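Reviewing the structure listed below.
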Amino acid sequence: MLILLPPSEGKADAGTGRRLDLTRLSLPELTPARQEVLAALITLSGGDEAAALAALGLSAGQRGELARNARLDRAATAPAGQVYTGVLYEALDLASLPAPAQRAARRTVLISSGLWGAVRLTDRIPPYRCPIGAKLPGVGALSAYWRHALAPAMAAAAGDGPVLDLRSGAYAATWAPRGEAAGRTVTVRVLHERETPAGPARSVVSHFNKATKGRLVRDLLLAGARPRTATGLVTALRDLKYTVEEQPTAAGRPRQLDVVVTEL
């Protein structure tokens, strides 16, 4: 099983270990692309401040992010599982998992990134700011750039097992499995069901869907789930007492699940 997660805007303040070494990251076939994007980000962040803030979607009060980006090639690093600190990763709470679940997480989880393409939880990276919606000099729109660069690496990482794709829309667009691989891929939408005077009502969860996805991954890891098919993955979620409803999808497209929660 391969579990695909989005990154988080929230990140650790600083790395704690050795300097960045792109050649030591997982998916080494992405090294040339990572080098190109990193160099473009450093150039942008060390150049015209107003242009860099606009390109990265930052406010004037966040100019410190530019200074940090400009030093990324010599910055201290930490495991990606510690660098990302947002709602999803707080709910996943990797550090508190027992050793077998941590080993499973290291084996199965890939995190999408506008800067690195995709990394594993143990890959050592520095904190950075580079959203997938950014356009970098010489690279262009990152979503389009990674759509080309990621395809072979992600297909190889997925292998012939099921894929649980929990990425948000912009990151999901960087790699969309097709054909047979799509049939092995499951995407998740979180719906909040609540009682109203007119009866039960459901709404799509925005911010808190990240917490639900973090808990979902945590529960799968704690259960030692190792489904071999997409159907087995759906069954594993239901065995964990999640309310799961599958929506109709066109042939050649990933299977779409609604996970219905009553508490956020």
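Filter the range 160-205 down to residues that are part of a strand (DSSP E or B) and among the polar types (S, T, N, Q) and give me whichever is surrounded by the most Cβ atoms within 10 Å (Cβ to Cβ).
Step one: filter the range 160-205 for residues part of a strand (DSSP E or B), giving 163-165, 185-196, 199-204.
Restricting the remaining residues to those that are among the polar types (S, T, N, Q) gives 185, 187, 196, 203.
Working: THR185: 22, THR187: 18, THR196: 7, SER203: 9.
Restricting to residues being part of a strand (DSSP E or B) and among the polar types (S, T, N, Q), the top hit is THR185.
When the residues of the range 214-264 are filtered to those that are small (Gly, Ala, Ser) and closer than 16 Å to PRO162 by Cβ, the one that is surrounded by the fewest Cβ atoms within 10 Å (Cβ to Cβ) is GLY224. Look at the range 131-146: where a residue is in contact (Cβ under 8 Å) with a residue 24 or more places away in the chain and a partner is among the aromatic types (Phe, Trp, Tyr) and assigned to a loop (DSSP other than H, G, I, E, B), sitting 6+ places away or on another chain with Cβ atoms under 9 Å, you get TRP146/TRP175.
Would you point out the residue of the range 79-92, among those that are of a type in the set (A, V, I, L, M, F, W, C) and out of contact with any Asp or Glu (no Cβ under 6 Å at 6 or more places or on another chain), that is most open to solvent (accessible area, probe 1.4 Å)?
If we filter the range 79-92 for residues that are of a type in the set (A, V, I, L, M, F, W, C), which is where we start, we get 80, 83, 87-88, 91-92.
Okay, now just the ones that are also out of contact with any Asp or Glu (no Cβ under 6 Å at 6 or more places or on another chain), so 83, 87-88, 91-92.
On the way: VAL83: 0, VAL87: 43, LEU88: 9, ALA91: 22, LEU92: 4 Å².
So the residue we want is VAL87.
When the range 15-34 is filtered for residues that are over 20 Å from the mean Cα position of the chain (by Cα) and assigned to a helix (DSSP H, G or I), the ones remaining, listed by number, are THR23, PRO32.
Could you list, in sequence order, all residues of the range 47-78 that are in contact with a strand residue (DSSP E or B) (Cβ under 6 Å, 6 or more places away or on another chain), under 28 Å from GLY214 (Cα atoms) and surrounded by fewer than 20 Cβ atoms within 10 Å (Cβ to Cβ)? Scanning the range 47-78 gives no hits. Here's a check for you: in the range 133-153, which residue that is within 14 Å of the chain's Cα centre (by Cα) and open to solvent by less than 10 Å² (accessible area, probe 1.4 Å) is farthest from MET1 (Cα to Cα)? The residue in question is TRP146.
Pairs linking a residue in the range 70-88 that is over 17 Å from LEU166 (Cα atoms) and among the aliphatic types (A, V, I, L, M) to a residue that is open to solvent by 20 Å² or more (accessible area, probe 1.4 Å) and in a helix (DSSP H, G or I), with Cβ atoms under 8 Å and 6 or more positions apart or on different chains, are ALA70/ILE42; LEU72/ILE42; ALA75/ARG68. Here ALA156 clears all of (1) outside any helix (DSSP H, G or I); (2) surrounded by fewer than 16 Cβ atoms within 10 Å (Cβ to Cβ) except the condition numbered (1).
The values are calculated or read from the model by the stated rules, or taken from the named source; none is laboratory data. Because the structure is predicted, anything quoted here is derived from the model rather than measured. Note that each Cβ is placed from the backbone with ideal geometry, even for glycine, and that neighbours are counted across all protein chains shown. Ligands, DNA and RNA are excluded from the accessible area calculation, which covers all protein heavy atoms including side chains. Shrake-Rupley method; radii C 1.70, N 1.55, O 1.52, S 1.80 Å.
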